[in-house]
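See structure below.
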Ligand SMILES: Cc1cc2nc3c(=O)[nH]c(=O)nc-3n(C[C@H](O)[C@H](O)[C@H](O)COP(=O)(O)OP(=O)(O)OC[C@H]3O[C@@H](n4cnc5c(N)ncnc54)[C@H](O)[C@@H]3O)c2cc1C
Ligand code: SF4
């Protein structure tokens, strides 16, 4: 295949794609990135908080260079019913140590910066056009078709995200089931920087990540999120597609009700919605991952379903960045050795096994199943929490019952065996 | 899953079209990138009403099913929900067309 147009073609200039292209270009390979957005990030949405460790591995100077919104110094998790909300608020100086910290990001700013890094290293970019199909020869990927153009390469890297229309042709991956994927909906709500800091009790330039469970999805499997940006708040929901489809409340109505909840409304009061977005989230974990390579092709990031949604934490960007880094390196090595067959590319999977990507996905591989089956987490447990807290905090002159008695009464409604059973299963899955 | 199946819809109080109006789009009037089958089944269409984050699947006052691809966020949710049933075609929009996030 000495007559290929490029050494490598990368589909998608998201987190995985731009990093993979950077690694290839840095290794001196000719690389073309095809991105369907008119600029990097134009089609992308995230929650979003980036755990910076993976980016730091690729770009040690990212702390001063990357367009981060705010450093996250407050972690909040909440359990809500329609009329109550119990929040845990955590902050520590350890969260601010280099390599352990995380930042809120907006993709329309972040992705062009990342693409710029690859471009500076020598990668070429085409924007505004989607790859429609893969060129195949004797069962091997040998290039792409985009519009009228057919472009060939020794190796193609699919970094086209959760809604990949190409993995089926590349590795025979069937469209995932509606129970394995969640729909994400989000609004960006503009507010002055000082107001944001005051409302989440953060120091200047710092911010909060806040995850919600319970009434935010009207009891369906999923959760709510809030991340503070410099001058806006990202507020949204993630809910399993099959479960939303089976319930009575549309996901956009859930978001509206969430915004009006007594513990969320004051947070966004006076803010102006500036964008309404939607994007999917893979939730099935390791069990829904496609094969990561085949002859002439590698798959990295969410096109390979690398994402972890634990309710108190959503991770996909750091996986995509690390997977892009290893996919790019493996491809460069295979090109140098003159062999981009499946066997030669298989060291990519090995690299991810030794890295946090597949280690963490394996560690939590039971969690998706637990979440799906533990619907009490979204309904009964928030109510239980409310009953306990009401009993503890409300004073109205009637004789107070001992806490133990109140607790037992509240637990009785859920069933002690359910509670203990769910707790044990949850511990195992985590 | 222990949830009971529901075919009921709660009352909708939100006007999502107003929010979509805040987004930036390059609408391709000529080429619908998503198409439904001719006679979409009620049960499947109801799923799309609930899962599309842009609320593009609607039943109008006369009971007619409506879908307008112009406000599409290109998320793929309808493809996952009903790709085997009533979604006949799901493609990305033509070059340079569709949603363009300014925040993301
Ligand atoms: C609501 C929500 C909240 C989330 N919260 C978090 C969070 O807080 N922290 C976190 O780490 N992760 C979070 N995630 C997950 C995270 O956003 C993803 O895991 C991450 O963006 C995946 O990166 P990627 O590079 O694999 O794919 P993407 O970033 O989606 O990039 C794929 C790229 O490919 C392009 N593309 C697709 N098809 C084609 C084609 N045919 N031709 C050309 N280009 C194409 C797209 O335009 C896009 O630029 C969240 C996701 C959602 C939806
Ligand atoms: S792709 Fe997403 S936004 Fe577009 S119609 Fe389908 S569900 Fe709605």
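All of the numbers you see were taken from the coordinates with simple rules; none came from a lab. Quick caveat, the model's predicted, so the values are computed rather than measured. Note: ideal-geometry Cβ built from the backbone for every residue, glycine included; neighbour counts use all protein chains shown.
Give me the percent of DSSP beta bridges within chain A that run antiparallel, rounded to the nearest 5.
Taking every DSSP beta bridge with both residues in chain A, the antiparallel ones total about 70 percent.
Against the longest alpha carbon principal axis of chain A, how many degrees, from 0 to 90 and to the nearest 10, is the axis of helix A:380-393 turned?
40 degrees
Stretch residue A:100-residue A:124 to full length: gain in nm at 0.36 nm per residue minus the Cα-Cα span?
5.4 nm
As an exercise, use a Förster radius of 51 Å and the Cβ-Cβ distance of residue A:65 and residue A:140 to find the FRET efficiency, rounded to the nearest 0.05.
0.85
Using a 7 Å offset from the Cα along the Cα-to-Cβ direction at both residue A:430 and residue A:3, what is the distance between the two label points in nm, to one decimal?
6.0 nm
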